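Enquirer: What follows is a structure written as structure tokens; I'll ask about it next.
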Amino acid sequence: MEKVILIHGSGHKADSWQKTISYLDHQEDILCPELSAILNGREASFPNIRAAFAQYCAQAGGPVHLCGLSLGGILALDYALDHPENVKTLVLIGTPHKVPKFAFALQNVVFRFLPKSAFASMAFDKRDTFALGNSMKDLDFSGRLGEIRCPTLILCGEKDGANLKSARFLAGHIRGAELQVIGNTGHVVNEENPKALAERLNEFYTLHA
């Protein structure tokens, strides 16, 4: 099987995938990059992260299966649009099709008052988290979703109210995309319901191996 790349969100690290991976088939083919590490010391702006991620995917060989949560989903979607020849399948989990500006602005206000130690469990430190947020505020993939041609699975937790509407939008605008809502689960599907997520991924990858 081709490589499967699991991409974490901004609020978590690569180890957030560990429980999900334990239930997945073909574990020898799974890659799980630490986004802060692939930056190699550069600022965590979105342009820097997308460039580092593109380089990571190219080194993995292709085509690859991309599966991302939240920020990871944004990176996967962005890469699939720019490098369609190198993406075999796409799985987007709790992924916004455009950045909700009000929610991001509110989040930045909250983050501003948090101590640096509060960012220890997140993907990036306080400075880089702000750099990322400021560089993503105008992201909007709405007009390009019709360009996606690879098999696509849209997943969202039933309790992830902030992203359910976007999940339906993605499923409605990506040709042939399938939407599955995972019951009794919030945003961080890979930690909250890893077995249910793995079952859906195993089924999807068996179908598109």
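Enquirer: Using the alpha carbon gyration tensor of the chain, what are the three equivalent-ellipsoid semi-axes (square root of 5 times each eigenvalue), largest first, in whole Å?
Expert: 24, 19, 18
Enquirer: Something else now. At 7 Å along the Cα-to-beta-carbon direction for both SER117 and ARG175, put a label point, then send me their distance in nm to one decimal.
Expert: Inter-label distance under the simple model: 5.4 nm.
Enquirer: Can you compute the charge dipole magnitude of the chain about its Cα centre, using +1 on each Lys and Arg Cβ and -1 on each Asp and Glu Cβ, nothing else charged? Give it in debye, rounded to the nearest 20.
Expert: That gives the chain a dipole magnitude of about 680 debye.
Enquirer: Here's something else I'd like to know. Given labels modelled 7 Å from the Cα in the Cβ direction, how far is it in nm from ALA37 to ASN134?
Expert: 2.8 nm
Enquirer: Per residue, how many Å² of accessible area does the chain show with a 1.4 Å probe?
Expert: It amounts to 47 Å² per residue over the chain.
Enquirer: Hey, another quick one. What is the Cα centroid distance between the stretch 1-29 and the stretch 164-196, reported in whole angstrom?
Expert: Cα centroid of the stretch 1-29 versus Cα centroid of the stretch 164-196: 17 Å apart.
Enquirer: What is the extension gain from TYR23 to ALA58, computed as 0.36 nm multiplied by their sequence separation minus the C-alpha to C-alpha distance, in nm to one decimal?
Expert: Taking TYR23 through ALA58 to full extension adds about 9.9 nm, to one decimal.
Enquirer: Looking at the stretch 1-85, I'd like the Rg to Rh ratio, where Rg is from alpha-carbon atoms and Rh is Kirkwood's inverse mean 1/r.
Expert: Here the Rg-to-Rh quotient is 0.94.
Enquirer: Each label point is 7 Å from the Cα along the Cα-to-Cβ direction; what then is the distance between the points at ALA209 and VAL99, in nm?
Expert: 4.0 nm
Enquirer: Between rounded, prolate and oblate, where does the stretch 128-209 land on the alpha carbon gyration tensor, with a ≥ b ≥ c its root eigenvalues, rounded for a/c under 1.5, else prolate if a/b exceeds b/c?
Expert: Oblate, since a/c reaches 1.5 and b/c is not below a/b.
The values are calculated or read from the model by the stated rules, or taken from the named source; none is laboratory data. Please read these numbers as outputs of a predicted model, since none were measured by experiment. Positions of Cβ are backbone-derived with ideal geometry, glycine not excepted, and every protein chain shown enters the neighbour counts. The protein model used for the area step is the full one, side chains on, heavy atoms only, and it has no ligands, DNA or RNA in it. Shrake-Rupley method; radii C 1.70, N 1.55, O 1.52, S 1.80 Å.
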